[in-house]
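Here is the structure we will look at, set down as structure tokens.
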Amino acid sequence: MATQNVNSSSRSSPRRIVVGDFLKPLNSEYGKVAPGWEKTPLMGVTMALFATFLSIILEIYNSSVLLDEISMN
Amino acid sequence: MGLPWYRVHTIVLNDLGCLLFVHIMHTALVAVIFYPSDHSYEGVAGAHILFSGLCFLAAIWHWVYWDLEIFCDNRIGKPSLDLPKIFEIHLFLSGVACFGFGAFHVIGLYGLGIWVSDPYGLTGKVQPVNLVGIASHHIAAGTLGILVGLFHLSVRPPQRLYKGLRKGNIEIVLSISIVVIFFAAFVVAETMWCGYFQQEIYQRVSAVLAENQSLLEAWCKIPEKLAFYDYIGNDPAKGGLFKMGSMDNGDGIAVGWLGHPIFRDKDERELFVHQGDKIVRADTPSKRAESNYSVKPVGVTAEFYYGELNGVSYSDPAIVKKYARHRATLKSDGVFRNSLRDWFTFGHASFALLFFFGHIWHGARTLFKDIFAGIDPNLDAQVEFGAF
């Protein structure tokens, strides 16, 4: 095999940069979760409401839903 | 032994500097392609090329300095990325950008507007646009992005969703990103195929008629580009996609516009080319047998508004039938051939389907990784195999 192991003690630690110090808190919570389902039901209800809203405005625009105040012509 | 060819890009996964590099480089290449070709926009063109160059340099820097402390997780001594957090931040920033684009740039409140071209796509200019759709969509979508981004920034993902959707695995991010692409592609392909321009035209005509102006004035106000897209000869659903032949004199390139024809029967009722469930009042019989609805007995006339035949009226059945086919209004020989609309639809629909497949592929790889790669040896601690 062409590979070889090189024991090097001169490998330095990861490089620190100014921007990295500012952003480090944003990449420090890997794997952190909230227990169980948490706010999933809330998110589900919000998604359902948004989907209903989109369906309503689509069907108004498509004239599948007719409102007295809105004429599609 | 090297990697098989279909896995060579996986080398970016363990090297976050490299991962960042390829994404920035992609941005650089996309930015350099965007080049408004009109000579009077050197500033915008130059800015994009400059941006592209800076992205190129940034990409190289990140490839060289791959081992950054920000990527390193002190707990395990290996690099890691907090993917849900990255998603939250990007969603929030995209929402801000989208909102700003709609509220300021498009409307012209603080910005130039958007590009609006002439009917044949030959020239055009940047101008503020008050089209209800574009600005309001970006404002609404941007607001949604900001609100949802703030929600995701304030809570961590629940454990159930984190495990269920493999939120620690970067391939699920790829899978979801692909969704965005094919969704956009399907939307534009569908709009171009089915069209909604006819509705827009009739809305505008009706609006003008409501102000008690004449039909001629109504049709005068229709921009030529809108009328061009209404032209049914450009509808891929009507003409087939792959007819061969010269586009000049065919339907591919319009030579002129004879005007909008309005067909009336002898009772002065306005007739429309058959589209869907309307009452049939006239047709062209396909057999030699008599038909009560044939153009001649019904007395269909065609009168033109605007265009070269403005004010001209025809009652000869042969001529009326010719113009009813719609193909003739753009001075063509009446044969359907490919058009820009065909190719746009075909191209975007094809890529949308490919990307849909890609979404399923990468999603399945992520969700069913344990099945594809064999059972995780660490799983043995939780499940006793061989019990049954």
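The values are calculated or read from the model by the stated rules, or taken from the named source; none is laboratory data. Nothing here was measured: the structure is a model prediction, and the numbers come from that model. FYI the Cβ positions are ideal-geometry reconstructions off the backbone, even for glycines, and counts take in every protein chain you see. Protein only, heavy atoms only, side chains kept; ligands, DNA and RNA dropped before computing areas. Shrake-Rupley method; radii C 1.70, N 1.55, O 1.52, S 1.80 Å.
Just tell me how shielded B:79-89 is by partners: mean number of partner chain Cβ atoms within 10 Å of each residue's Cβ, no decimals.
Details: counts 3, 4, 2, 7, 1, 5, 7, 2, 0, 1, 2.
Average neighbour count from other chains, rounded to a whole number: 3.
Hey, which of these cross-link pairs are over 24 Å Cα-Cα: B:K163/B:K369; B:K221/B:K321; B:K221/B:K266?
Exceeds cut-off: B:K221/B:K321; B:K221/B:K266.
Compute, for B:W63, the solvent-accessible surface of its heavy atoms (probe 1.4 Å) with the complete set of protein chains present, and express it in square angstrom to the nearest 10.
About 140 Å², rounded to the nearest 10.
Once you average over the residues of B:152-161, how many Cβ atoms of partner chains fall within 10 Å of each Cβ?
Values: counts 1, 0, 1, 5, 8, 6, 10, 7, 7, 7.
Counting Cβ atoms of other protein chains within 10 Å of each residue's Cβ and averaging gives 5.
May I ask you to evaluate 6.51 cos²θ - 1.76 cosθ + 1.60, the Karplus curve with θ = phi - 60°, for each residue of the range B:77-92 and list the ³J(HN,Hα) values in order in whole Hz, giving x for glycine and proline?
x, 10, x, 7, 10, 7, 5, x, 5, 4, 4, 4, 5, 5, 5, 4
Largest first, what is the accessible-area ranking of B:C72, B:C220 with a 1.4 Å probe?
Putting B:C72, B:C220 in descending order of accessible area: B:C220, B:C72.
Looking at the range B:11-80, I'd like the Rg to Rh ratio, where Rg is from alpha-carbon atoms and Rh is Kirkwood's inverse mean 1/r.
My calculation of the ratio gives 1.19.
Can you tell me the length gained on complete extension of the stretch B:F104 to B:H137, counting 0.36 nm per residue apart and subtracting the Cα distance?
Numbers: separation 33, 0.36 × 33 = 11.88 nm, distance 1.29 nm.
So the chain would gain 10.6 nm between B:F104 and B:H137.
7 Å from Cα along Cα→Cβ at both A:T40 and B:F368: what's the point-to-point distance in nm?
Output for this residue pair reads 2.2 nm.
Modelling each spin label as a point 7 Å along the Cα-to-Cβ direction, I'd like the B:S214/A:S28 distance in nm, to one decimal.
7.7 nm
At 4 °C and a viscosity of 1.567 mPa s, what translational diffusion coefficient does Stokes-Einstein give for the range B:39-112, taking Rh as the Kirkwood radius over Cα pairs? Give it in µm²/s as a whole number.
81 µm²/s
When the chain is fully extended, how far beyond the present Cα-Cα distance does B:K78 get from B:W5, taking 0.36 nm per residue of separation?
23.6 nm
Please list A:K39, B:K167, A:K24 from largest to smallest accessible area, probe radius 1.4 Å, with all protein chains kept in place.
A:K39, B:K167, A:K24
Amide H neighbours of B:D73 under 5 Å, at least 5 residues apart or on other chains, H built in the peptide plane: list them.
When sequence neighbours closer than 5 places are left aside, the close amide H contacts are B:K78, B:S80.
Starting from the Cα of B:V180, move 7 Å in the Cα-to-Cβ direction to define the label point; list residues of the range B:2-22 whose amide nitrogen is under 19 Å from there.
Correct set: B:19-22.
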